[in-house]
1. For the condition charged (D, E, K, R), assigned to a strand (DSSP E or B) and either over 20 Å from the mean Cα position of the chain (by Cα) or surrounded by 15 or more Cβ atoms within 10 Å (Cβ to Cβ) (or both), what is the one hit in ARG156, ARG113, ARG104?
2. Take the residues in the range 73-100 that are assigned to a strand (DSSP E or B) and hydrophobic (A, V, I, L, M, F, W, C); name whichever of them is surrounded by the fewest Cβ atoms within 10 Å (Cβ to Cβ).
3. Only residues in the range 304-318 that are of a type in the set (Lys, Arg) count as the first member; pair them with residues that are part of a loop (DSSP other than H, G, I, E, B), Cβ under 7 angstrom, at least 6 apart or cross-chain, and list the lot.
4. Could you give every pair whose Cβ atoms fall below 9 Å, whose first residue belongs to the range 122-148 and is of a type in the set (Lys, Arg), and whose second residue is in a helix (DSSP H, G or I), counting only separations of at least 6 or pairs across chains?
5. Does HIS98 qualify as being of a type outside the set (A, V, I, L, M) and without any contact (Cβ under 8 Å) to a residue 12 or more places away in the chain?
6. Tell me, please, whether a residue that is modelled with pLDDT of 95 or more, of a type in the set (Lys, Arg) and surrounded by 17 or more Cβ atoms within 10 Å (Cβ to Cβ) can be found in the range 280-301.
7. In this structure, does VAL50 turn out to be outside any loop (DSSP other than H, G, I, E, B) and in contact with a Leu (Cβ under 7 Å, 6 or more places away or on another chain)?
8. Check whether at least one residue in the range 169-180 is assigned to a helix (DSSP H, G or I), within 20 Å of the chain's Cα centre (by Cα), surrounded by 23 or more Cβ atoms within 10 Å (Cβ to Cβ) and not acidic (Asp, Glu), and report yes or no.
Amino acid sequence: MTRASEEQGSLAAALPRFSPRRELGRTGFIATQLGIGDLADRKLPLETCVATLRRALDAGLNLVDTAPNYEDGYSEQIVGAALAGRRAGIFLIDKVDHLDRPVRPQVGESLARLKLPMVELFVFHSVSSLEAYERLVLPGGAWQELEACRKDGLCRFVGLSSHDPQVLRAALDRGGADVLMFPVGPYVDPRYTDEILPRAKERGVGSVCFKTFGAGKLLGDCSGYGQPLAERPRGKLSSGGVEAVGALLPRLEVEECVAYTLTQDPDVALLGMSFPNEQDAALQAAARYRPLSPAELGALRTRAEQAVQGKGPCWWNPSA
């Protein structure tokens, strides 16, 4: 074992432990409340990234998400290496990124990077317009191609991810998707939580949800996923918001965001866990979670709306 692996392994003992909670839709798989996402940073060596993922697995989490376009395949390499020798009991999600290209070659390339014969779920990635969805499900189209991959044992389930409630509604009405992936968090279009999530539960479709932290906008002065704002006001934070020091933009705490998403009760809340400190914050927040009251949910939505101001578009919230 390398020094990096030893250091990460020693930290794992301090993490809370999670157990499988409930079935992911009708898949038969009993998933943990949290899933592991955002697993790629090319600035870090493969060995370090693998150790970080295994650290989350050691905490009991049993659902892992990846995609080809996460650092141009690096995420899939990390996941494949991390799951070597410990594949059993893990629900692995991968994606078809290019909706206008043949499906089977993309599936084959992903499996080659993973060095695995199959994954549990392939989803069409970011199907974020109704027109794009309708093209996927045309007779002889991409959806049928993915179903053929399932028939040939390359995956067990199929689904899609989307940043558009209309797409998700259409997928639920049509049927055929085993799992849907969509935003749930303090700053998302209310249709995701008020309409899509309960409808998915009624129809036995699994829900794996993201954007708990609003692509990072809710936690810090960034325009999304680690992209700092051109101007970053300075100030002093308190647990309830901003103290009167400087002009720091409003923000939420990790624990508040996690509690909000878990109160909405998706099957799985998929959280970014690329680094041990991110794991520490997310897992400790989940371990301390208690359901929020309607008043508390409303207050967080108000503060989240303030926190995203001036930080660029929130692409997961369609205008129509």
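The values are calculated or read from the model by the stated rules, or taken from the named source; none is laboratory data. Given the structure is predicted, the values throughout are model-derived calculations rather than measurements. As a convention, Cβ positions derive from the backbone with ideal geometry for all residues, glycine included, and neighbour counts pool all protein chains shown.
1. Details: ARG113 fails: assigned to a strand (DSSP E or B); ARG104 fails: assigned to a strand (DSSP E or B).
It is ARG156.
2. Going residue by residue through the range 73-100, those that are assigned to a strand (DSSP E or B) are 91-96.
From the residues that got through so far, the ones that are hydrophobic (A, V, I, L, M, F, W, C) too are 91-93, 96.
Details: PHE91: 25, LEU92: 22, ILE93: 26, VAL96: 26.
Among those that are assigned to a strand (DSSP E or B) and hydrophobic (A, V, I, L, M, F, W, C), it is LEU92.
3. From the range 304-318, the pairs are LYS311/LYS217; LYS311/SER223; LYS311/LEU229.
4. ARG135/ALA142
5. Values: of a type outside the set (A, V, I, L, M): yes; without any contact (Cβ under 8 Å) to a residue 12 or more places away in the chain: yes.
So HIS98 fits the description; yes.
6. Within the range 280-301 (the criterion being modelled with pLDDT of 95 or more, of a type in the set (Lys, Arg) and surrounded by 17 or more Cβ atoms within 10 Å (Cβ to Cβ)), the answer is no, since none of the residues qualifies.
7. Working: outside any loop (DSSP other than H, G, I, E, B): yes; in contact with a Leu (Cβ under 7 Å, 6 or more places away or on another chain): no.
Taking the combined requirement at face value, the residue does not satisfy it.
8. Of the residues in the range 169-180, the ones assigned to a helix (DSSP H, G or I) are 169-174.
From what is left, the residues that are within 20 Å of the chain's Cα centre (by Cα) are 169, 171-172.
Restricting the remaining residues to those that are surrounded by 23 or more Cβ atoms within 10 Å (Cβ to Cβ) gives 171.
Okay, now just the ones that are also not acidic (Asp, Glu), so 171.
Yes, because at least one residue in the range 169-180 is assigned to a helix (DSSP H, G or I), within 20 Å of the chain's Cα centre (by Cα), surrounded by 23 or more Cβ atoms within 10 Å (Cβ to Cβ) and not acidic (Asp, Glu).
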